[in-house]
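*Asks:* This is the structure I have questions about; it appears just below.
The values are calculated or read from the model by the stated rules, or taken from the named source; none is laboratory data. Note that the structure is a prediction, hence the values are computed from the model and not measured. Don't worry about glycine lacking a Cβ; one is built from the backbone with ideal geometry, like all the others, and counts go over all protein chains shown. Just the protein is used for accessible areas: all its heavy atoms, side chains included, with ligands, DNA and RNA removed. Shrake-Rupley method; radii C 1.70, N 1.55, O 1.52, S 1.80 Å.
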Amino acid sequence: MKVLITGSHFTPAQAVIEKLTEIPDLDIVYLGRKYARDDDKAPSVESKILPELGVKFIPIIAGRLNRFFSFYSIIALLKTPIGFIQSFYYLLKEKPDLIVSFGGFTGMPVVVCGWLLSIPSLIHEQSLKMGLSNLISSLFTQKVAVSFKDTKLPIFIDQKKVSVTGNPIRKELLNPGQPSKEIKSFVDSLKRRRKSLVLITAGNQGSHFINLIIEDKLTELLGITTMIHQTGDSKYDDYATLEKNESENYFVSKWIEGSDLSYIFEKADLVISRGGMNTLLELALKSVPTLMIPLRVGSEQKNNVLYFKKIGLGEVLEEDKITPDILTKKIKELLEQKLYYKKTAENAKKIVILDADKKLVQEI
């Protein structure tokens, strides 16, 4: 039997793949993005991790409908036919028994082409409101798995094909191994110096916007706290710029492995994050107070952060209202009340479905 996995949300896909590899005589192939973004040649996380897991990775070009106008948004839209042609070709070549899509612009053409070829599919929705790609895919799929009981679904979706599975979380967060010596040494040194620990992260790709603000106020912030900064890997090369400031109070990395991230979450007093659902659920699992900064465009991340603020994970700052001074002031306020926010963050853990990966594998 062969399962073809696709989609733009890789973190839950990785969790499910790790479960599926335990099943004998099951082949897995992944259709995904070669690069993290259309306008950036930094390699995608899936293109680096999947070969290490022994999973066949096939890069495809997929168009997308951006919510803002730019030269790259036009190019991205024109790629749409290519994505359909490639999807059709690889489905004919690989002959999977089932398609599993984790949403996004890479998943939709694969699901549609699978329907044309009579290959059944299952789609998974991470967010509280179904995104456009999954909305289209839902018309052609046999099963819709959602992360929350109160996920908003369009009225035309047959409730009989909907299952609440939760959002799969990486095994490194659920059953963390030992952190690297480098991370453990850096974090443990804080105990001796009695300093707060702040983690800056924005998912796999990082955030150029957040990186610039942190760089602007780095000296002032390091006067009151210690920071671990995951910059991401992009054309802006923020890592190279910020790495020059590394010290006993400031650790910089493009990417943080799951076991290291779990250890940091357990020790952190505050995390500064975007509003991606996968990251927010991992933070909720570890009950880490979080300052959430959703993307300016689109409503998905804004809906996510408002929900997580309501259940106690932390506070929200709108990107278009942030200046370096405002962000610095907010960080200071949250650290001054860190015991209060740590207590409220415990409430957020209640929404995490711990066996989501098993539930989704059962559906598969």
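*Asks:* Select from the range 296-318 the residues that are closer than 14 Å to ASP150 by Cα and polar (S, T, N, Q) and write down the one among them that is most open to solvent (accessible area, probe 1.4 Å).
*Replies:* The extreme case among them is ASN303.
*Asks:* Moving to a separate point now. Here are some conditions: (1) among the small types (Gly, Ala, Ser); (2) at pLDDT below 90; (3) part of a helix (DSSP H, G or I). SER185 meets all but one. Which one does it not meet?
*Replies:* Unmet condition: (2).
*Asks:* Continuing with this model, one more query. What residue, of LEU281, LEU221, is within 30 Å of LEU132 (Cα to Cα), surrounded by 19 or more Cβ atoms within 10 Å (Cβ to Cβ) and touching a residue at least 12 places away in the same chain (Cβ under 8 Å)?
*Replies:* LEU281
*Asks:* Select from the range 140-164 the residues that are farther than 24 Å from LYS93 by Cα, open to solvent by 60 Å² or more (accessible area, probe 1.4 Å) and at pLDDT 95 or above and list them in ascending order.
*Replies:* Matches in the range 140-164: VAL164 only.
*Asks:* Which of the residues spanning the range 319-344 are of a type in the set (Phe, Trp, Tyr) and open to solvent by less than 70 Å² (accessible area, probe 1.4 Å)?
*Replies:* Once the filter is applied, which keeps residues that are of a type in the set (Phe, Trp, Tyr) and open to solvent by less than 70 Å² (accessible area, probe 1.4 Å), the range 319-344 yields only TYR341.
*Asks:* So, one more: What pairs come out if I take residues in the range 67-95 that are under 28 Å from LEU26 (Cβ atoms) and pair them with residues that are at pLDDT below 75 and surrounded by 15 or more Cβ atoms within 10 Å (Cβ to Cβ) whose C-beta lies under 6 Å away, six or more apart or interchain?
*Replies:* GLY83/GLY63
*Asks:* Is the range 164-181 home to any residue that is under 23 Å from PHE105 (Cβ atoms), aliphatic (A, V, I, L, M) and not in a loop (DSSP other than H, G, I, E, B)?
*Replies:* The answer is no, given that none of the residues of the range 164-181 is under 23 Å from PHE105 (Cβ atoms), aliphatic (A, V, I, L, M) and not in a loop (DSSP other than H, G, I, E, B).
*Asks:* When you check PHE148 against the structure, is it in a helix (DSSP H, G or I) and among the aromatic types (Phe, Trp, Tyr), yes or no?
*Replies:* Considered against the rule, which asks whether it is in a helix (DSSP H, G or I) and among the aromatic types (Phe, Trp, Tyr), PHE148 comes out as no.
*Asks:* So for the range 21-33 (the condition being within 25 Å of LEU295 (Cβ to Cβ), under 17 Å from the mean Cα position of the chain (by Cα) and either at pLDDT below 75 or in a strand (DSSP E or B) (or both)), does at least one residue qualify?
*Replies:* Yes: the range 21-33 contains one or more residues that are within 25 Å of LEU295 (Cβ to Cβ), under 17 Å from the mean Cα position of the chain (by Cα) and either at pLDDT below 75 or in a strand (DSSP E or B) (or both).
*Asks:* Is it the case, given these coordinates, that GLU266 is free of Cβ contacts under 8 Å to residues at least 12 places away in the same chain, open to solvent by 10 Å² or more (accessible area, probe 1.4 Å) and over 14 Å from the mean Cα position of the chain (by Cα)?
*Replies:* Taking the combined requirement at face value, the residue does not satisfy it.
*Asks:* In the range 86-115, how many are modelled with pLDDT of 95 or more, of a type in the set (A, V, I, L, M, F, W, C) and in a helix (DSSP H, G or I)?
*Replies:* Qualifying residue count, the range 86-115: 8.
*Asks:* Evaluate the following for ASN245: is it without any contact (Cβ under 8 Å) to a residue 40 or more places away in the chain and farther than 18 Å from LEU335 by Cβ?
*Replies:* So ASN245 passes the test.
*Asks:* Assuming GLY206 fulfils every condition listed in (1) at pLDDT 90 or above; (2) open to solvent by less than 20 Å² (accessible area, probe 1.4 Å); (3) in contact with an Asp or Glu (Cβ under 7 Å, 6 or more places away or on another chain) apart from one, which condition is it?
*Replies:* Against the list (1) at pLDDT 90 or above; (2) open to solvent by less than 20 Å² (accessible area, probe 1.4 Å); (3) in contact with an Asp or Glu (Cβ under 7 Å, 6 or more places away or on another chain), GLY206 comes up short only on (1).
*Asks:* Of the residues in the range 345-363, how many are more than 17 Å from ILE169 (Cα to Cα) and open to solvent by 30 Å² or more (accessible area, probe 1.4 Å)?
*Replies:* Within the range 345-363, residues that are more than 17 Å from ILE169 (Cα to Cα) and open to solvent by 30 Å² or more (accessible area, probe 1.4 Å) number 2.
*Asks:* Which one of SER287, SER253 is out of contact with any Leu (no Cβ under 8 Å at 6 or more places or on another chain) and either open to solvent by 10 Å² or more (accessible area, probe 1.4 Å) or within 21 Å of THR151 (Cα to Cα) (or both)?
*Replies:* Sole residue among the options that is out of contact with any Leu (no Cβ under 8 Å at 6 or more places or on another chain) and either open to solvent by 10 Å² or more (accessible area, probe 1.4 Å) or within 21 Å of THR151 (Cα to Cα) (or both): SER253.
*Asks:* If you don't mind, another one. Contact list please: Cβ distance under 8 Å, first residue in the range 288-306 and assigned to a strand (DSSP E or B), second residue of a type in the set (Phe, Trp, Tyr), pairs at least six apart or on different chains.
*Replies:* THR290/PHE308; MET292/PHE308
*Asks:* Same structure again: Here are some residues: ILE224, ILE210, ILE228. Which one is of a type outside the set (Phe, Trp, Tyr) and assigned to a helix (DSSP H, G or I)?
*Replies:* After applying the criteria, what remains is ILE210.
*Asks:* Also: Please go through the range 10-29 and pick out each residue that is surrounded by fewer than 24 Cβ atoms within 10 Å (Cβ to Cβ) and not hydrophobic (A, V, I, L, M, F, W, C).
*Replies:* Correct list: GLU18, LYS19, THR21, GLU22, PRO24, ASP25, ASP27.
*Asks:* Those residues that are polar (S, T, N, Q) and surrounded by 12 or more Cβ atoms within 10 Å (Cβ to Cβ), I need them from the range 172-194; list them, please.
*Replies:* Result: SER180, SER189.
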